[in-house]
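What follows is a single structure, written as structure tokens, with notes after it.
What follows is calculated from the coordinates using simple rules that are stated; it is not laboratory data. These numbers were taken from a predicted model, which means no experiment stands behind them. Cβ placement follows ideal geometry from the backbone for every residue including glycine, while neighbour counts extend to all protein chains displayed.
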Amino acid sequence: MSEFRFDKRLGIRTGGLREWPDDIYHYNRCEPTPYIVLEHLFKHYKLNRTDKLVDFGSGKGRVAFYIHNRFKIPVVGIEAQDDVIDEALRNKKRYRMRAKHIHAPIHFEYALAENYEIKADENIFYFFNPFSADVFKEILVNIVDSLEKNRREVHIILYYPMPKYKEIMRDHSSFEIYNKLVMPNARDSKEKIIIYRSKDVS
């Protein structure tokens, strides 16, 4: 199914890129995860009704709407571009007209990702290179702090992971690789998904 058809089925508009102003150094452009990647990921990785997902750098909301619709779980999208989150909120209005039967909340928050307070019940975190490795490291510290206060199994999903992201995860003693998924017919070695899980949660 094409990107347009997926969007249409969900009642949203999430295509296209959005660049940051030149003086914004730590944040990357808004680029949606391809639906074919989401389909491949969730063919091999299932979410439970007790999960709660946070999408950092959620853009216009594609990942959030897809997961909310497929798994009926609470989803939070964190986005720092004001005009982009406005589009996400317009998408939410259209989406909710078609998804009235799904009672799980879906929420978008306008915030710098490193300032977002990780909630005690949030356990799945999704990243598609939305910002620099320095910002990612700050968020990881926030996740670990939350994990120490509220012990639970946490998963971190990286799509098309930057080498510095992988280096940070490799050097972090709190996480281990849970799964790796290579995209079918990938021509780029980065075209993969790595899922990490927290250690010693018992």
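When the chain is fully extended, how far beyond the present Cα-Cα distance does ALA120 get from HIS101, taking 0.36 nm per residue of separation?
Stretched fully, the ALA120-HIS101 segment lengthens by 4.2 nm.
Below 8 Å, C-alpha to C-alpha, sequence gap of six or more: please give me the relative contact order for segment 53-172 in percent.
27
Once you order the gyration tensor axes a ≥ b ≥ c over the Cα atoms, which shape class does the chain get: rounded for a/c under 1.5, otherwise prolate or oblate by comparing a/b with b/c?
The shape class here is rounded.
Below 15 angstrom from the Cβ of ARG151, what's the summed charge of the other residues (Lys, Arg +1; Asp, Glu -1)?
Residues close to ARG151 contribute a combined charge of -1.
Counting only the backbone N, which residues of segment 141-161 are under 15 Å from the spot 7 Å out from the Cα of ASP171 toward its beta-carbon?
Under cut-off, by backbone N: 141.
For segment 94-202, what does the alpha-carbon gyration tensor say about shape, rounded, prolate or oblate, given a ≥ b ≥ c as the root eigenvalues, a/c under 1.5 as rounded, and a/b over b/c as prolate?
Taking the square roots of the gyration eigenvalues as a ≥ b ≥ c, segment 94-202 is oblate.
Go through segment 151-168 residue by residue and turn each phi into a ³J(HN,Hα) via Karplus (6.51, -1.76, 1.60, θ = phi - 60°); whole Hz please, and just put x for glycine and proline.
Along segment 151-168, the couplings run 5, 6, 7, 10, 10, 10, 10, 10, 9, 6, x, 5, x, 5, 4, 5, 5, 4 Hz.
Relative contact order, percent, of the chain when contacts are C-alpha pairs under 8 Å separated by at least 6 residues?
Relative contact order for the chain comes out at 18 percent.
How many nm separate the modelled label positions at ASP82 and SER189, each set 7 Å beyond the Cα in the direction of the Cβ?
Distance between the two pseudo-spin positions: 4.3 nm.
Classify segment 65-125 as rounded, prolate or oblate, taking a ≥ b ≥ c as the square roots of the eigenvalues of its Cα gyration tensor: rounded when a/c is under 1.5, otherwise prolate if a/b is larger than b/c and oblate if not.
Here segment 65-125 falls in the oblate category.
In the chain, with Lys and Arg counted as +1 and Asp and Glu as -1 at Cβ, which of these residues, ILE85, TYR160, PRO74, has the Cα nearest the positive end of the dipole, that is, farthest along it?
Of the options given, the answer is PRO74.
Would you compute, from DSSP H runs of 4+ residues alone, the mean residue ellipticity of the chain at 222 nm, taking -39500 (n - 2.57) per run and dividing by the full residue count, rounded to the nearest 500?
Taking each H run of at least 4 residues, the total per residue is -11000 deg cm²/dmol.
Going by how many other Cβ atoms sit within 10 Å of their own, how do SER173, SER132 line up, fewest first?
SER173, SER132
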